Each structure stands twice: as structure tokens, then as C-alpha cells.
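The values are calculated or read from the model by the stated rules, or taken from the named source; none is laboratory data. This is a predicted model, so every value here is computed, not measured. For neighbour counting, all protein chains shown are included, and Cβ atoms are generated from backbone atoms with ideal geometry for every residue, glycine included. Quick note on the areas: whole protein, heavy atoms, side chains included, nothing else; ligands and nucleic acids left out. Shrake-Rupley method; radii C 1.70, N 1.55, O 1.52, S 1.80 Å.
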Amino acid sequence: DMTNLQYYLSDPIRLERVATDKHDAAEQEHALGPKTGRTVEEVIFPKGLSGVAVHVSGKLIRVCFEEERELPFMLGVSGRYQLQATENLPYGEHVYRITEGKKSYLLVKETNVDGKRETRRAVGMQLE
């Protein structure tokens, strides 16, 4: 079951968008010269960030790294689930540009469903 696994990012991912409200956008459209007053919003996902699968369909896994926001990962020819990098990536309520991590993929660690783990170390053997 793909939803019973803990996922981690292989590499950092950085998303970026220009955050403006409708009033600012209309004003900037008609202004001459450089557009000022822009706020750039970045979302940074560090290498090793943990996430959980919220939707699995065929070769696509949608993974949440934040509440109610997900990133799509597609099974590639390498056998890895790689970020489904497009020019514009919907994330939460907005659309972002991927500025770093287009080749990031998922690392997987199976979770212990029972919540109990017993570990022992093998001692090895020698010839007599």
C-alpha cells in the first residue's frame, strides 16, 4: 500500500510566485516603466523533508508536505517517483514556478504499522 509509506525529498525544491492582489495587478498592467511593489512568495522544501501520500493513481502519487497542499510525483523510467515538473505548478490555492528541484524525487521509508520494533545485532561467525 503506497499510502502506508513515509516519503522524503531527495533534493530541495523551491517554488516562487509574484503575490499581488487584483487591485495591484490592474494598476501594474497599466503602469509605464518597471513594475514596483511586487511581493515574491517562495515556498522552500528542504532536502529530506518528510511527507505522506494523499492520492495514488496509476503512476502518479500526490504527496503532502504541508496541510491541504500537495505536490505531484510521477513514476519515471528510472523507477523513481520524480517531481512532475511543469512550467506552472498548482500548489494549494496558487500557481508557482519551480525555481529549484525539478529533478527531485521521492525517497521511501516503510513505516512500522504495529508501532513496535525489535532489533538485535548479529554477532558473526568464525572458522574453528
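Select from the range 59-77 the residues that are surrounded by 14 or more Cβ atoms within 10 Å (Cβ to Cβ) and basic (Lys, Arg) and write down the one among them that is farthest from Lys102 (Cα to Cα).
Per the criteria, the residue is Arg69.
Give the range 19-48 a look and list any residue that's among the aliphatic types (A, V, I, L, M), at pLDDT 90 or above and open to solvent by less than 70 Å² (accessible area, probe 1.4 Å), or say none.
Val43
For Arg80, indicate whether it is open to solvent by 80 Å² or more (accessible area, probe 1.4 Å), at pLDDT below 90 and under 21 Å from Ile98 (Cα atoms).
No, not satisfied.
At pLDDT 90 or above and on the phi > 0 side of the Ramachandran plot: is that true of Gly51 in this structure?
no
Can you name the residue in the range 100-128 that is modelled with pLDDT of 90 or more and not hydrophobic (A, V, I, L, M, F, W, C) and is also nearest to Val40 (Cα to Cα) among such residues?
Glu100
Does the range 89-99 contain at least one residue that is over 24 Å from Glu41 (Cβ atoms) and either in a strand (DSSP E or B) or modelled with pLDDT under 90 (or both)?
no
Could you count how many residues in the range 39-81 are of a type in the set (Ser, Thr, Tyr) and in a loop (DSSP other than H, G, I, E, B)?
Total meeting the criteria: 1.
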